[in-house]
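See below for the structure under consideration.
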Amino acid sequence: MKTAAGFSARITVENLTSATQPVNAKSILGLLSAGVKMSDRIRITAEGADEAAAVSALSELVTSNFGETA
């Protein structure tokens with residue numbers, strides 16, 4: 001959420017595994033309602049001036065396991 005807030009684009013996250021509706025990536029309640037778990041597939045979309053940078057940054061964050069180490 002903190003990363004998403006740094007962009008002006010409207011950013012959504014959709015849990016493809018549980019077929020949830022897209023939620024606002026800048027809203028902690030929205031993200032919690034998506035119920036994303038470790039092995040779930042998600043879709044990140046953005047609309048706005050910095051949409052490509054937003055999707056890239058969030059995709060990188062997810063791919064890096066949010067900076068967590070095993």
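The values are calculated or read from the model by the stated rules, or taken from the named source; none is laboratory data. These figures come from a predicted structure and were not determined experimentally. To get the accessible areas, we keep the full protein, side chains included, count just its heavy atoms, and leave off ligands, DNA and RNA. Shrake-Rupley method; radii C 1.70, N 1.55, O 1.52, S 1.80 Å.
Obtain the radius of gyration and the Kirkwood radius of the range 1-55 from its C-alpha atoms and give Rg over Rh.
0.96
Quantify, in whole percent, the carbon and sulfur part of the accessible surface of the chain (1.4 Å probe; protein heavy atoms only).
Heavy-atom surface of the chain belonging to carbon and sulfur, 1.4 Å probe: 57 percent.
Please compute the per residue accessible area over the chain with all protein chains in place, 1.4 Å probe, rounded to a whole number of Å².
Value for the chain: 68 Å² per residue.
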